[in-house]
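To start, the structure under review is shown below, and the notes come after it.
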Amino acid sequence: MCGIVGVISKDKIIKKNVLLDLLKRLEYRGYDSAGIGFMSLGKLRVIKQKGSIDKLRSIVKNDCLGVTCIAHTRWATHGKPNLHNAHPFLSESKTWAIVHNGIIENYLDLKKELGNIKFSSSTDSEVIAQLLEKDSDKKDINKLIRVCNKLKGSFALLCMSVTNPNSLFIAKRKSPIYVMKGKDGIIVASDTICFEGFGKSYYSLEDDEFCEVGLEKIEFYNKKGKKIKKEEQKLESLNYSSSKNGFEHFMLKEIMEEGLVVSNIIKKYSSEPFLSFNECVVRKIKKVVLIGCGSAYHAGLIGARFFEKNTLIDARCYIASEFRYLNNKIDKDTLYIFISQSGETADTLASLELVKNSGGLCVGVTNVMHSTLAKMVDIVLDVCAGVEVAVASTKAYIAQVVVLYMLSKHIEGILKSKSINFLKDVEELRLTLQKNEINNVDKVASLISKKQSVIFIGRDLDYYSSLEASLKLKEVSYISSFACPSGELKHGYLAQVDNTTCVVVIATKIDLLDKNLNNASEVDARDGKIIICSPFKIEDKYTQIKVENITSDLICCLVARKLQYLAYQTSIIKGINPDKPRNLAKSVTVE
Ligand code: M6R
């Protein structure tokens, strides 16, 4: 969370649009406030604004940026999202300017140590600027290393010093940061997405590594202050585009790309099947544990069910922020699957570290192949969704479910010593998704937007789809919503139902249809509005979201798509920007 970017330009002046366009690529990491820092007439200056980067753009003059600049887009952790707490922070005598992504856990102790310094914000980050100013070392890079050795927590740091106006000083622990020496100068950023169009390779800092970079030099150090050598990495094209391709929002564009994503998955996995999961590896697996947060957790729940049904191996899915504190025994014969669109989610990475340190076999299912997660796991599976910009995960969720389905089927094939053509199921899904039918959802959205609460219910996989649908709706429409297994409704949840409530019943299995319809009647009898999301013809008295029928369990992806669109439409009716829901960020890099 929070995005940071720095630029050193070969031109005399950095155009505001260059810097802010780069920062805009990181807006998915937070949009509570934005700010820039630069040298002007020998002094460090900052310009900040509460709210989005576009608001900041309107107050930055074109000609006021120096040769070296830093910029920040914030997701608030410590301190309200206001102007005072916006980055960059200047030290008391304005000798240092810093931007930070992460959390400094011991900032209160460090503030006390600093004594009488006047702080301008209530953030944890500002203490870093003050510590840099107070440090007595002669070299700026040594100051940074000494200060960072005192910090507890996580940081990607980008700093400017008044004594070295043409350099940027960089530090990393747990939060990502990358450096590119491009043809027009230097770019430093939280995500390589900022490098597209500027060069072909970049440096990736590891934890407790530091860097001083200028146009003529790029030097890396370890935490003891010793110079280290680093190799450049090839920049894989992410096909980043800031364009919505004619769609009003990224969320809609990304929902509409789902067919294409499944087609990319088919291409990738028909030419490169799950080679690392050979007979020898698979036959050792006694249990599968899946771990993720938010939508990735929901994909994991569905994945666990696929493993149980298809391979008969015990499978369980955990929320990463819970798993890391459970002190569960890590077994060598368990397959640990970490699911994360961004590959940077702090709790997922912490769980991964824990399993890895205990020698468990770690698989990553991710959309970002240069992410920390991708680098840490033993086997990485690309979900091929392409850059996902909207905060609400849509196409990446579908892609995760599909890849988990294929892996479970691949393992089933090995265990049963028979060839299973699971690509046929995925192809059927692709064809259906590419028909792009999103019928009568608009009417339902209008109905839902007037309700105070929405309950999603379902059984088995449909219950997991309910969890995801409920998350999506609350995320982008702010309507209070939750999910409940259909059979649990009368064990408490029904007390919530009255004529202000809508209950969406997800029913994709014919053998469970009657049971689900009984539950619908119980809601109907209490004046709740019923919506049935199903491929089967239901009596006319209920409003229905018709889902196409396909033969495999991947029908849950068709349900997900319809309900993603429902959430999208509801947010539009309520006048909310679905790409940037309040209080959220796309990449959750703090725990
Ligand atoms: O990048 P990750 O997949 O690890 O992110 C996990 C969650 O933060 C994410 O899925 C979140 O729940 C989405 N905004 C849901 O739409």
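Any idea of the accessible area per residue across the chain, 1.4 Å probe, to the nearest Å²? All intermediate terms of the calculation are to be shown ahead of the outcome.
Values: 23620 Å² over 591 residues.
Each residue of the chain exposes 40 Å² on average to a 1.4 Å probe.
What size of dipole, in debye to the nearest 20, comes out for region 128-205 about its Cα centre when the only charges are +1 on Lys and Arg C-beta atoms and -1 on Asp and Glu C-beta atoms? Walk me through the numbers on the way to the answer.
Working: 13 positive and 7 negative charges, 71 e Å.
Its charge dipole is roughly 340 debye.
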Quiz item: Quick one: putting +1 on the C-beta of Lys and Arg, -1 on the C-beta of Asp and Glu, what dipole do you get for region 441-573 around its Cα centre, in Debye to the nearest 20?
Solution: 300 debye
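How large is the helix-only mean residue ellipticity at 222 nm for the chain, computed as the sum of -39500 (n - 2.57) over DSSP H runs with n ≥ 4, divided by its residue count, in deg cm²/dmol to the nearest 500?
Details: 18 runs with 196 residues, N = 591.
Calculated from helices alone, the mean residue ellipticity at 222 nm is -10000 deg cm²/dmol.
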Quiz item: Whose amide H sits under 5 Å from the amide H of SER201, counting only residues 5 or more places off or on another chain, with H placed in the peptide plane?
Solution: LEU235
Self-check item: Estimated FRET transfer efficiency (GLU322, VAL281; beta-carbon r; R0 22 Å; 0.05)
Solution: 0.20
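Report, in debye and to the nearest 20, how large the dipole of the chain comes out about its Cα centre when Lys and Arg carry +1 and Asp and Glu carry -1 on their Cβ. Provide the component values of the computation, followed by the final result.
Details: 84 positive and 69 negative charges, 289 e Å.
With Lys and Arg at +1 and Asp and Glu at -1, about 1380 debye.
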Quiz item: Classify region 250-433: rounded, prolate or oblate, from the alpha-carbon gyration tensor (a ≥ b ≥ c, eigenvalue square roots; a/c under 1.5 rounded; otherwise prolate if a/b is larger than b/c)?
Solution: oblate
Quiz item: So which lysines pass the test for LYS244, namely a Cα distance under 18 Å, with those fewer than 8 places away in the same chain ruled out?
Solution: LYS24, LYS253, LYS395, LYS580, LYS586
Exercise. Counting other Cβ atoms within 10 Å, keep those with at most 12, restrict to DSSP loop, and tell me which GluC sites (Glu not before Pro) in region 502-558 are left.
Key: GLU539
Quiz item: In Å and whole numbers, how far do the C-alpha atoms of region 405-530 stretch along each principal axis, longest first?
Solution: 53, 32, 24
Quiz prompt | Rounded if a/c under 1.5, otherwise prolate or oblate - region 282-366, Cα gyration tensor axes | solution = oblate
Quiz item: Any idea what angle helix 461-477 forms with the longest principal axis of the chain, computed on alpha-carbon atoms, 0 to 90 degrees, nearest 10?
Solution: 50 degrees
Practice problem: Answer rounded, prolate or oblate for region 3-234, using the Cα gyration tensor with square roots of eigenvalues a ≥ b ≥ c: rounded when a/c is under 1.5, else prolate when a/b is larger than b/c, else oblate. | Solution: rounded
Practice problem: Positive end of the charge dipole of the chain (Lys, Arg +1 and Asp, Glu -1 on Cβ, about the Cα centre): tell me which of PHE306, GLN130, VAL391 has its Cα farthest that way. | Solution: GLN130
Quiz prompt | Rough spin-label spacing in nm, given labels placed 7 Å along Cα→Cβ, for LYS443 and TYR478 | solution = 2.9 nm
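Over all alpha-carbon pairs in the chain, figure out the percentage whose distance exceeds 37 Å.
More than 37 Å apart: 37 percent of the Cα pairs in the chain.
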Exercise. List, in order, the whole-Hz ³J(HN,Hα) value for each residue of region 271-280 obtained from phi through the Karplus relation with A = 6.51, B = -1.76, C = 1.60 and θ = phi - 60°; use x for Gly and Pro.
Key: 8, 10, x, 6, 4, 5, 9, 8, 3, 5
Exercise. Work from the charge dipole of region 441-573 (Cβ charges, +1 for Lys and Arg, -1 for Asp and Glu, about the Cα centre) and give the residue of SER449, SER552, ALA495 farthest towards its positive end.
Key: SER449
Practice problem: Give me the distance between the Cα centres of region 462-530 and region 409-425, rounded to whole Å. | Solution: 34 Å
Quiz item: How much accessible surface area, in Å² rounded to 10, belongs to the heavy atoms of ASP527 with a 1.4 Å probe?
Solution: 110 Å²
Quiz item: What do you get for Rg/Rh of region 91-179 when both radii come from the Cα atoms and Rh is the Kirkwood radius?
Solution: 0.92
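Pairs LYS150/LYS375; LYS139/LYS224; LYS94/LYS134; LYS48/LYS112; LYS152/LYS181; LYS172/LYS329: which exceed 21 Å Cα-Cα? Don't jump to the answer; show the numbers that get you there.
Numbers: LYS150/LYS375 27 Å; LYS139/LYS224 14 Å; LYS94/LYS134 12 Å; LYS48/LYS112 27 Å; LYS152/LYS181 30 Å; LYS172/LYS329 31 Å.
Over 21 Å apart, Cα to Cα: LYS150/LYS375; LYS48/LYS112; LYS152/LYS181; LYS172/LYS329.
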Practice problem: May I ask which residue of MET369, LEU381, TYR405 lies farthest towards the positive end of the charge dipole of region 315-421, with charges of +1 (Lys, Arg) and -1 (Asp, Glu) on Cβ and the Cα centre as origin? | Solution: TYR405
Quiz item: Using r as the Cβ-Cβ distance of ASP540 and GLU232, and R0 as 51 Å, what FRET efficiency do you calculate, to the nearest 0.05?
Solution: 0.20
Practice problem: State the percentage of accessible surface on the chain attributable to carbon and sulfur atoms; use a 1.4 Å probe and exclude ligands, DNA and RNA. | Solution: 49 percent
Quiz item: In terms of modelled amide H atoms, which long-range or inter-chain residues lie less than 5 Å from the amide H of GLY51?
Solution: SER33, ALA34
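The values are calculated or read from the model by the stated rules, or taken from the named source; none is laboratory data. This is a predicted model, so every value here is computed, not measured. Cβ coordinates were reconstructed from backbone atoms using ideal geometry, including for glycine residues, and neighbour counts include every protein chain displayed. Side chains are part of the model used for accessible areas, which takes the heavy atoms of the whole protein and leaves out ligands, DNA and RNA. Shrake-Rupley method; radii C 1.70, N 1.55, O 1.52, S 1.80 Å.
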